[in-house]
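Heads up: the structure comes next, in C-alpha cells.
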Amino acid sequence: MRDLTSRLREIVRQKPPGAQPPARELTYVPDGSDAAHEAASRLGGRLHRAGHSHCVVLDRRWDAGDWYGRKQVATLELESDAPLGLFDRRLSLQSDWSSRIVFFDIETTGLSGGAGTLAFLAGCGWFEDGGFHVRQFFLVGPAGERALLDALTEIFQSASLLVTYNGRTFDVPTMDTRWAFHRSESPTAVPHFDMLPPARRLWSDAPAGCSLSALEREVLGVYRLRDVPGLEIPSRYFQFLRTGNPAVVDGVIEHNRHDLLSLAALTAHAVWLAREGPDACREASERAGLGRLYENAGDADRAAYAYKLAADSGGPEVRRTALSRLAVLLRRQDRHQESAAAWQSVLELAPRETGALGPLDRRAALALAIHHEHRARNLDLAREYATTLRSESTGRARQDAEYRLRRLERKRTSRGARKDLGFRELDLDYG
Amino acid sequence: MFAAHEAAARIGDDDPHVTAVKRLAPAPAIFELFPETLDPRLQQALRTRGIDRLYHHQADAIAHALAGRHAVIVTPTASGKTLCYNAPVLHSILNDPSTRALYLFPTKALAQDQLAELHQLAERIGEAGGGDIGVFTYDGDTPQDARRAVRARAHVVLSNPDMLHSGILPHHPRWAKLFENLKFVVIDELHAYRGVFGSHLANILRRLHRVCRHYGSSPVFICSSATIANPRELAERLVGAPFSLVDQNGAPRGEKFFLFINPPVVNPQLGIRKSYLAETRRIATEFLKRGLQAIVFAQSRLSTEILTTYLKDAFDGTPGASDVIRGYRGGYLPLRRREIERGLRTGEVRCVVSTNALELGIDIGALDVSVMAGYPGSIAATWQRAGRAGRRTGRSAAVLVASSAPIDQFVIRHPEYFFGASPEHALVNPDNLHILLDHVKCAAFELPFTADEHYGTVNVQDVLTVLAEDGFVHQVDGQWQWMQESYPADAVSLRSVTSDNFVVVDVTDGERVIGETDFTSGPATLHEKAIYIVEGQLFQVERFDFDGRKAFVRQVDCDYYTDAITYTKVTILDTFAGDGVGPSAYYHGEVHVVSRVVGFKKIKFYTNENVGSGELDLPEQQMHTTSYWLRLSPELMATIPFNNADKRDGVVGLAHAMRNVAPLLLMCDSHDLGLSIDGLPVEGASRIGGTSRGMAPAELSSEPTIFIYDNYPGGIGFSEPLFGLHDVLIARTRELIDECACESGCPSCVGPEGATGPLAKAVASRLLQSLMAARAAA
C-alpha cells in the first residue's frame, strides 16, 4: 500500500482548488514557560500565571499631560456623572460611574466565531491618577488562555462599567465563548456601554464610515503611523505562532493599545458634545447627529433644537436631512404647520440639476400631500403633490399615488357633501 | 369493505404474470408491564394516551437505555419505536431536570413529525405534575432569534447531522449546558446512514465524543433502524462503541400478502415488456375500485408525476376524485406535504403516489395496500415500503411490479431469493481519507488535538502533520492549534464527498436557478444539448460553464431524453488482495479513475429508440478510489469460439449484467458503483452498456478487465465485500443471463440487442460458463 502521508498530501493539496499556497516558514515549537518568558521579555512585559498556564502582561501608560490628537489625556477621563443614559437607555438607571470604567478590546484569530476562534490579545484601559493606563494580555500559545481569562476576570470584577466598540456583538460574546470553552463562569455581566451604536447616530455622515480608525481621524484628528490593518491581524498572529518572533506582533499590540485610547477619547468627546449641545459642534452634520442622539434618548426638545441648528448651517444635503428629521419630530408633536414648512424646505433645497426626485423628496411630497389633504384641506395643492408622486414613483408607491388621486378627485367633486373622515386613518400611520 | 387479500387474490387469478404470492402470517402482541421504576408521572401520561403496557421490544429497549447500555432497536413500521427512546429520555429528565438529550433525524421533516408527538407527551407529563419539559427542533429553519432560547431551554433538541456538524459542534461553548448534561443521543432511521452520508455521520459522532469528553459527559446512544442485515455492526461502526441489539418485535402484525408481478412480454424478440407504469396503474386501480387505501411507490420524481396523472385520469368520472389521489415527493412545499399526510391518516386521501420520501418514518397511519412500481433497489427498502401497508390487525397486501431493468427482472424471477435472503448490509467507511481529513479539520477547530490523541483508526498525528505542512494547524504547547481564519465546517457537505457542485440556471424568462447537481455527475447530465428534467418539465442545456460550475438551460418541448457516453480509464495503483488462478483472476485494490464525457445519445421516450447522437469535448474528471476487478485471461478469451467483435460485445454485455447484479448483493444505489472495461466507452446514466451508433467501436484488449469501482473519491467500502462475494456475483449474473427469456439480449440482461450486438448474450453466457468451470476446477 502506498504510504498514508503521501496519500494525505495528495488529497490536501488538490483541494480546495486554488487555495492558499502552503505557508513554509521555519517551524518553531515553543517550549512551555521558557518560550513565554522569552516572549515576555522581548515584548517588554512580564508573565501572569494561573496554574500551569501563563500569558504575557504588557503595561503602558499615557500621562495626564500627553496629547492625543487635539486633546490632552487628562481631559479624556469621564466624570462619574457622565450622562451615558443619553447614549444607551440601559445605562440610565445608574448615574454614578465613580469606580473603575474599563475600556475593552480584543484581537482574534478570525471573525467567524466558533470554538476555534481564539482571542490572543485582550486589552483593557482605565484612567488612573489622570493618566491612561493600558494593560494587555497576550497569548504566547493557546495553553496560556487560562491565565489570560484568570487575569481578565480579576479586572472585570473590579470594573463598574465596560466600554467597547462593537463589543455587544463581537468582543463580549467572543470572550463568553472562551470562558464557556474552559467551563468557567463568565465575568462579563458588568454594565456594558457599546460606543458603536451612538457613534453611528452621531457621525453617520462621516465620509469614511464609522470604523474606529476612521472616526479617530475625522473626529479626534489622530493619524496613526505604520498601523497594522485589521485584516492582517490573524495572519500576523499565525506567523508569530510559527516563527516565535515577537516582532511580527508588535504592530498588532500597538494597534490594540491605540484602539483603546481612541475609544476612550471618542467616548469622552461624545459625552462632551452631548453635554455641551449642538452649539459646541464644529460641523452641521455633527449637529444633526446630536439631534438623532437626543431623539433616540427621548429628548425631543433638544433634538429639535439640534436639527434646527443643523438646518441653518450646513450644506444642502445636511440641511435637507436635518429638516426631514425635524419634520417628523414636529409632526409627532402635532405641530403640523411647522412640520409641513420643514418638508417644504426639504423640497426647495433639492438639487436642481437632476430632474428626478430622490427618496427624500418623495417622502416630502407624500408628507405634504397628506398634510394638504387632511390638515390644511387644500385639495388643489394635495393633488399637485400626488401628481408629482405618481409620475416619480413605481410599483406600490405609484398605485398608492393613483389611489390618492382618485380619492382627491372624488372629494373635489363632492366637496362639502360628505366628510372625509373615513379616509383619514389610512394616512395616519405614515411617519 | 373488501379485504385486501380478496383483491390481491383476484389480481392473482386473473393474471398469469404473477410470479409469487406469499402469505405472511399474523402475529399476536407480546406485552410487558411498565417497569416499576418508570416514573409514575410518565406512566400516567402514557395511560392518558391509551398506553397501559409496553410491547416486549419497548420494555427491552427501555431497560437497556436506563441501564446505560447503547442499544439499537430494529422494528418494522408502526411498532411504537419512538416510545423506545422517548420513555427512557423523559424518565431521566423527570428524575433529574438538568438532563439533556439530542435526537438526530436524517431529514428536517422527520424531526418536525417527532416534535409534534414528543410535545404532546411532554404536555401530558406536565399535566401529571412533571413540570415543564422543553422540546425544540434546531435546524436550518430555526430563526436566529429563537436559537438562544433553544440553547437555554431545551431538554430535548431535535436536529439533523448537518446542523450538528455546522451549527452545533463548532459552537459547542454556547451549548455547554447541553454537552455537560448530555445523557442520551438518539439516532432515528439509522439505516439511512450508509455510504457517504454514514461515513460523514461516523466522523461527526467522533467529533461529538470529543466535545462530550471535554464537558465531562458520556451519553448513551439509542438507535432505531429498519430491517437491515447488520444493524448492530452499523451502529457500532457509526458510534464506535459496543451495542445491545433489540430485535424481538413485540407489536402485533396482521396477515399480509406479498405479490410479485412481471408485466407481460409484448415483443419477445427484443424482450420488450408492457410498461410497468401502465401495469402499476392497472393494479392500483383495481384496489381503489374496491375502496382500499393504497400507497404507490415510484422510482423517480418523474414517474411519480406520471403515475399520479394516470391514476387521476382513471378516476376522472368520480366526483371529488382529484382530492382522493395525491402525489408526494421531495420538492413539494412542507404545508402541502403535511396536508397530504393528514389526509392519509384521516382516510380522506385514498391513494398517494410517492417517491422514497414516504419510505422513511413519516406518520401517515397504516394503509391497506402498498404497490411498488419497480424494485426499490434493495431488499431492505422493499420491506420498508411493503411495511407502509398493514395495520396491527386485519389484512393487507404488498405488490411489487417489476420494470425491465436487470435487477428487477432478477428479483421478480427469483422470489425465493428475495424472501429467503437476509436484507443487505449497510456499509460505511469512516476512514475514507477524503471524508476523514475534512472532519479532522473540523475537529481541530472545535478542540485542539493533543499530541497523543487518537481519532478513528488512522494515525491522526500523521494526518495533522500533513495538515500542518499546508498551514491548517500548527503544533504549539503540546497541542495542534487551528491556524486558519475560516470556519472549516462550512466547506464540508455531508451528502457528498466534495461540496463542489453545478447549478442549473433557467434562462427561458430571465435567469433563475432551478436545480443543482453534484460535481461528479455534472458533466454527464449537464453537457451542452443535454435534456435536463425537473418536475416533468424538459429543459435543454444551452451552455455548460465547467469552470464557473453553471449550466444554462432553456425550456423545450421534445420527445426524447439524452444519455451521456462516458469514456473511463482505470489504472491500478495498488492491489490489496487477489484470488483465483489461471484463466480468471479477481482482485480489489486502489485505482485511479479518469473519466471524460465524450458524447451522448438521444433516446425517445416510451419506446427507448436511439434517435441520434452527438460528440462532446469536456474536461476530464479524476479520482482515486477502490475497485473490484475481474481479469479475463488471453487463454480464456482464446477458448471462446467467436470473432473479436462478438467477443467485445460479449464482454460488454457480461460487464453490464455484473454491474447490475452487484448493487443487489451490496446494499447500495446503482450509481454508488461505476463500471469500466479496459477503456471501452460505457454509457453513464443508463444501465445500458456497449458501444453506440455513431461512435467508432473500440478494440477489446487481449486480456480484458472488468472494473466495478466505488463511485466516490477514496472509496466507500463496497469493493472489498464485492471481492468477497465474487463467486455469488458470477453465479447470480449467470442466472440473470441464462434465465432471461429473450433470444439475444434485452435491457433486462446484457443490454438491448440494438446496443450490444447480436451475439452478446451468447458470448456472455459462454464466458460465465468458462469462468465457473475454471473456479470449480481450481
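Annotation for region A:212-235 versus region A:286-353: alpha-carbon center distance of 33 Å. Relative contact order, whole percent, for region B:433-491 stands at 38, derived from Cα pairs under 8 Å and 6 or more residues apart.
Of A:LEU84, A:LEU381, A:LEU261, the residue with the greatest mean-square motion in the GNM of chain A, using alpha carbon springs below 10 Å, is A:LEU381. Amide H to amide H distances under 5 Å link B:TYR560 with B:PHE605, where only residues 5 or more positions off or on other chains count and H is placed in the peptide plane. Which lysines have a Cα lying under 22 Å from the Cα of B:LYS441, excluding residues fewer than 8 positions away in the same chain? Leaving aside lysines fewer than 8 places away in the same chain, those within reach of B:LYS441 are A:LYS15. Sites listed here are chymotrypsin sites (Phe, Trp or Tyr not before Pro) in region A:164-272 whose DSSP assignment is loop and whose Cβ has at most 13 other Cβ atoms within 10 Å: A:TYR223. When the square roots of the Cα gyration tensor eigenvalues are ordered a ≥ b ≥ c, the ratio a/c for chain B is 1.5 or more and a/b does not exceed b/c, which makes its shape oblate.
Relative contact order, whole percent, for chain B stands at 12, derived from Cα pairs under 8 Å and 6 or more residues apart. Pairs over the 31 Å Cα-Cα cut-off, from the set B:LYS108/B:LYS602; B:LYS22/B:LYS647; B:LYS256/B:LYS312; B:LYS601/B:LYS761: B:LYS108/B:LYS602; B:LYS22/B:LYS647. Packing, taken as the mean count of other beta carbons within 10 Å per residue, orders the peptides A:141-148, B:670-677, B:342-349 from highest to lowest as A:141-148, B:670-677, B:342-349. Here is how the number arises for chain B: DSSP H runs of 4 or more residues each give -39500 (n - 2.57), the sum is divided by the residue count, and the result at 222 nm is -10500 deg cm²/dmol.
How big is the Kirkwood radius of chain A, worked out from every pair of different alpha carbons and given in Å to one decimal? List each step's numbers first, then the result.
Details: mean 1/r = 0.0391 Å⁻¹.
Radius from the Kirkwood sum: 25.6 Å.
Dimensions of region A:265-378 from C-alpha coordinates, computed as largest minus smallest value along each principal axis and given longest first, are 50, 34, 18 Å. Take every pair of alpha-carbon atoms less than 8 Å apart whose residues are at least six positions apart; their mean separation over the length of region A:33-126 yields a relative contact order of 14 percent. Here B:LYS289 is the anchor, and the aspartates and glutamates within straight C-alpha reach of less than 18 Å, apart from those fewer than 8 places off in the same chain, are B:GLU6, B:ASP13, B:ASP14, B:ASP15, B:GLU279, B:ASP313, B:ASP316, B:ASP323, B:GLU348, B:ASP368.
How much net charge surrounds B:ASP60 when only the other residues with a Cβ under 10 Å from the Cβ of B:ASP60 are counted, with Lys and Arg +1 and Asp and Glu -1?
Result for the local shell: -2.
Taking amide H positions as modeled 1.01 Å from N, with prolines and chain starts lacking one, the residues under 5 Å from B:VAL186 and 5 or more places away or on another chain are B:LEU102, B:TYR103, B:LEU104, B:ILE222.
A short reminder: the numbers here are calculations on the coordinates, not readings from a lab. Predicted model only: the values in this text are computed from it and were never measured. Don't worry about glycine lacking a Cβ; one is built from the backbone with ideal geometry, like all the others, and counts go over all protein chains shown.
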